[in-house]
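Q: This is the structure I want to talk about, given as structure tokens.
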Amino acid sequence: MSTPSAPADLPTTAGELARSGHPAANARSVRTELRDNLLARLRAGQDPWPGIVGFDRTVLPQFERAVLAGHDVVLLGERGQGKTRLLRSLVNLLDEWTPVIEGSELGEHPAEPIIPASRRRAAELGDDLPIAWRHRSERYAEKLATPDTSVADLIGDVDPVKVAEGRSLGDPETIHYGLVPRAHRGIVTINELPDLAERIQVALLNVMEERDIQVRGYTLRLPLDIMLVASANPEDYTNRGRIITPLKDRFGAEVRTHYPLEVAGEIALVRQEAHLVADVPDHLVEVLARFTRHLRQSGAVDQRSGVSARFTIAAAETVAAAALRRAAVTGEDAAVARPVDLESVPPVLRGKLEFESGEEGREAELLTHLLRRSVTETARARLAGVDLAPLADGVSALEGARRVVTGDRVAARQVVDALPSISVVYTVAERLGAAGTEAPGPLASAVELALEHLYLTRKLAKDDDAEDGTVAYGG
């Protein structure tokens with residue numbers, strides 16, 4: 001995403017900035033800036049965290065208290081819980097534009113230069129010191145911790161080119177600054193912090209407490225103004241890697257994240273994040289949400305690894321792709337997902353799960369069982385109070401070529417045309433949001449859910465034809 005251009009009427013020199021009365025003329029710390037802007041949004045009734053789903057009464061109040069307290073924060077939670085997204089949303093609480101010394105490596109405020117080169121320029125030029133305006137998006141830095149991350153990456157190192165130019169090794173101007181100093185007056189995020197080698201974690205101790213950096217044996221006192229936030233996985237936190245005790249002590253707050261607590265939250269997350277290439281009705285998204293929740297509760301799945309929210313999102317995208325493929329094969333104008341498309345999920349997404357040892361060979365059986373259970377629960381919840389017996393009787397009376405047949409090569413129109421003309425069909429359509437449309441896709445999807453529910457509750461027969469990949473409901 002490109003950075004927007006600064007408004008043309010903003011001051012261009014330190015003197016103009018001082019005379020303008022601009023709020024940023026008196027430099028304030030990034031923590032104060034975040035606190036002020038968060039409080040302003042809360043008082044105005046605005047959502048400070050757009051796009052964050054399912055944390056309203058749990059994670060966000062804790063996170064907001066940490067921001068208001070000015071604490072460095074570590075978010076602790078399993079994969080796919082939205083930790084990184086929440087940390088990235090902090091940038092929205094920064095001022096949209098802030099003045100910096102033009103050409104400065106560290107983006108210092110014109111009134112508070114901190115490195116020798118900037119101090120020298122400020123002293124020489126005075127009110128004529130040129131300034132630039134930095135957008136909030138440029139004040140956020142992110143690093144994925146990996147075992148090969150070095151101190152030079154985060155803090156800095158001596159630049160051999162500058163030494164070759166004749167400067168001495170003790171000259172601060174020979175330093176090439178790393179990610180953390182370059183984020184001065186901004187936010188630094190370190191993802192998967194426990195994966196950072198312990199000796200590299202030690203390099204962050206002075207940054208977080210004393211706000212200075214040490215490079216190649218000499219200390220450069222820099223009053224760095226940064227907020228350091230991090231994410232960590234509990235499994236890494238306790239076993240494979242760890243956050244060293246002195247570093248944990250320097251974080252002011254540790255906030256635990258979680259997966260959506262309610263089915264509605266899981267559905268909202270899918271609707272927000274999934275890129276669907278076909279229409280996936282709400283009842284199918286609910287099936288997938290329930291499927292994911294059952295996986296998170298299953299003893300056969302390694303819960304230390306977790307079942308990411310990305311699993312549900314990928315499942316919805318896979319179902320949509322299956323519907324789009326069928327529409328292309330059958331010549332349908334509109335692609336609408338049906339329950340038969342759910343069968344595409346287990347074989348495609350099985351690799352995204354970690355199973356407990358001893359479950360080898362049973363993975364497909366487990367996934368099929370939990371998916372069918374999710375279909376039944378969704379149908380029971382959405383069709384509560386609807387008497388499906390007439391539908392079971394009507395479809396059971398169909399024989400031979402008149403039976404209701406579905407599959408990945410069967411068009412929605414074929415499914416609809418085979419249905420018996422009974423009122424319960426329209427009741428099911430109304431309950432599942434398929435009423436009032438002449439397109440066959442939504443109706444076929446709705447009635448298929450009812451038929452599959454009847455089959456799974458042993459009230460209707462179903463025959464699978466492995467050769468042509470179709471299933472037939474009826475007698």
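Q: What are the pairs with Cβ atoms under 9 angstrom where one residue, in the range 381-400, is part of a loop (DSSP other than H, G, I, E, B) and the other, located anywhere, is open to solvent by 50 Å² or more (accessible area, probe 1.4 Å) and of a type in the set (Val, Ile, Thr)? Sequence gap at least six, or different chains.
A: The qualifying pairs are Leu383/Thr427; Val386/Thr427; Asp387/Thr427.
Q: Considering only the range 242-249, I want to know if a residue exists there that is acidic (Asp, Glu) and in contact with a strand residue (DSSP E or B) (Cβ under 6 Å, 6 or more places away or on another chain).
A: So far as the range 242-249 goes, no, none of its residues is acidic (Asp, Glu) and in contact with a strand residue (DSSP E or B) (Cβ under 6 Å, 6 or more places away or on another chain).
Q: Restricting attention to the range 104-137, report how many residues are on the phi > 0 side of the Ramachandran plot and either in contact with a Cys (Cβ under 8 Å, 6 or more places away or on another chain) or without any contact (Cβ under 8 Å) to a residue 12 or more places away in the chain (or both).
A: 0
Q: Pull up the range 451-475, narrow it to residues that are assigned to a loop (DSSP other than H, G, I, E, B) and without any contact (Cβ under 8 Å) to a residue 40 or more places away in the chain, then point me to the one that is farthest from Glu377 (Cα to Cα).
A: The residue in question is Glu467.
Q: Taking the range 270-281 only, how many residues are open to solvent by 30 Å² or more (accessible area, probe 1.4 Å) and under 17 Å from Ala309 (Cα atoms)?
A: Here the count works out to 5.
Q: If a residue must be under 15 Å from Gly265 (Cα atoms) and open to solvent by 20 Å² or more (accessible area, probe 1.4 Å), how many such residues does the range 53-73 contain?
A: Adding up the residues that qualify gives 5.
One line per residue, one yes/no per condition, for (1) of a type in the set (D, E, K, R); (2) closer than 30 Å to Gly306 by Cβ; (3) over 19 Å from the mean Cα position of the chain (by Cα):
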residue: Pro11; (1), (2), (3): no, no, yes
residue: Leu34; (1), (2), (3): no, yes, yes
residue: Trp49; (1), (2), (3): no, yes, no
residue: Val59; (1), (2), (3): no, yes, no
residue: Val67; (1), (2), (3): no, yes, yes
residue: Gly70; (1), (2), (3): no, no, yes
residue: Glu78; (1), (2), (3): yes, yes, no
residue: Gln81; (1), (2), (3): no, yes, no
residue: Leu87; (1), (2), (3): no, yes, no
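Q: Tell me which of these Thr219 doesn't satisfy, since it passes every other one: (1) part of a strand (DSSP E or B); (2) at pLDDT 90 or above.
A: The single condition Thr219 does not satisfy is (2).
Q: Residues in the range 139-157 that are out of contact with any Gly (no Cβ under 8 Å at 6 or more places or on another chain) and assigned to a helix (DSSP H, G or I): how many?
A: 0
Q: Can you name the condition, by its number, that Arg28 falls short on among (1) closer than 28 Å to Arg310 by Cα; (2) part of a loop (DSSP other than H, G, I, E, B)?
A: (1)
Q: Return the total of residues in the range 297-324 being touching a helix residue (DSSP H, G or I) at 6+ places or on another chain (Cβ under 9 Å) and more than 17 Å from Leu284 (Cα to Cα).
A: Total satisfying the criteria: 9.
Q: Right, next: Looking at Arg134, Arg85, can you tell me which residue is in contact with a strand residue (DSSP E or B) (Cβ under 6 Å, 6 or more places away or on another chain) and either outside any strand (DSSP E or B) or under 30 Å from Gln46 (Cβ atoms) (or both)?
A: Only one candidate passes the filter, namely Arg134.
Q: Sticking with this structure for a sec: Somewhere in the range 253-264, is a residue assigned to a helix (DSSP H, G or I), among the β-branched types (Val, Ile, Thr) and at pLDDT 90 or above?
A: yes
Q: Of all residues in the range 328-346, which are part of a helix (DSSP H, G or I) and either hydroxyl-bearing (Ser, Thr, Tyr) or open to solvent by less than 10 Å² (accessible area, probe 1.4 Å) (or both)?
A: Passing the criteria: Thr330, Asp341, Leu342, Ser344, Val345.
Q: Go through the range 344-373 and report how many residues are in contact (Cβ under 8 Å) with a residue 12 or more places away in the chain and either closer than 14 Å to Ala315 by Cβ or of a type in the set (S, T, N, Q) (or both).
A: Selection size over the range 344-373: 13.
Q: Provide a single number: the residues in the range 423-458 that are over 32 Å from the mean Cα position of the chain (by Cα), of a type in the set (S, T, N, Q) and either at pLDDT 95 or above or open to solvent by less than 60 Å² (accessible area, probe 1.4 Å) (or both).
A: 2
Q: Go through (1) among the aliphatic types (A, V, I, L, M); (2) at pLDDT below 95; (3) open to solvent by 30 Å² or more (accessible area, probe 1.4 Å) and name the single condition Val307 misses.
A: With (1) among the aliphatic types (A, V, I, L, M); (2) at pLDDT below 95; (3) open to solvent by 30 Å² or more (accessible area, probe 1.4 Å) applied to Val307, the lone miss is (3).
Q: Just give me the residues in the range 350-395 being among the hydroxyl-bearing types (Ser, Thr, Tyr) and either open to solvent by less than 50 Å² (accessible area, probe 1.4 Å) or in contact with an Asp or Glu (Cβ under 6 Å, 6 or more places away or on another chain) (or both), in sequence order.
A: Ser374, Thr376, Thr378
Q: Going by the structure shown, is Leu193 among the hydrophobic types (A, V, I, L, M, F, W, C), modelled with pLDDT of 90 or more, open to solvent by 30 Å² or more (accessible area, probe 1.4 Å) and within 30 Å of the chain's Cα centre (by Cα)?
A: no
Q: Restricting to the range 401-422, name every residue that is outside any loop (DSSP other than H, G, I, E, B) and open to solvent by less than 70 Å² (accessible area, probe 1.4 Å).
A: Of everything in the range 401-422, those that are outside any loop (DSSP other than H, G, I, E, B) and open to solvent by less than 70 Å² (accessible area, probe 1.4 Å) turn out to be Val404, Val405, Thr406, Gly407, Ala412, Val415, Val416, Ala418.
The values are calculated or read from the model by the stated rules, or taken from the named source; none is laboratory data. Note that the coordinates shown come from a computational prediction; the quantities given were computed from them, not determined experimentally. Positions of Cβ are generated from backbone atoms using ideal geometry, with glycine treated the same way; all protein chains shown enter the neighbour counts. For the accessible areas, the whole protein counts, side chains as well, though only heavy atoms, and no ligand, DNA or RNA atoms are used. Shrake-Rupley method; radii C 1.70, N 1.55, O 1.52, S 1.80 Å.
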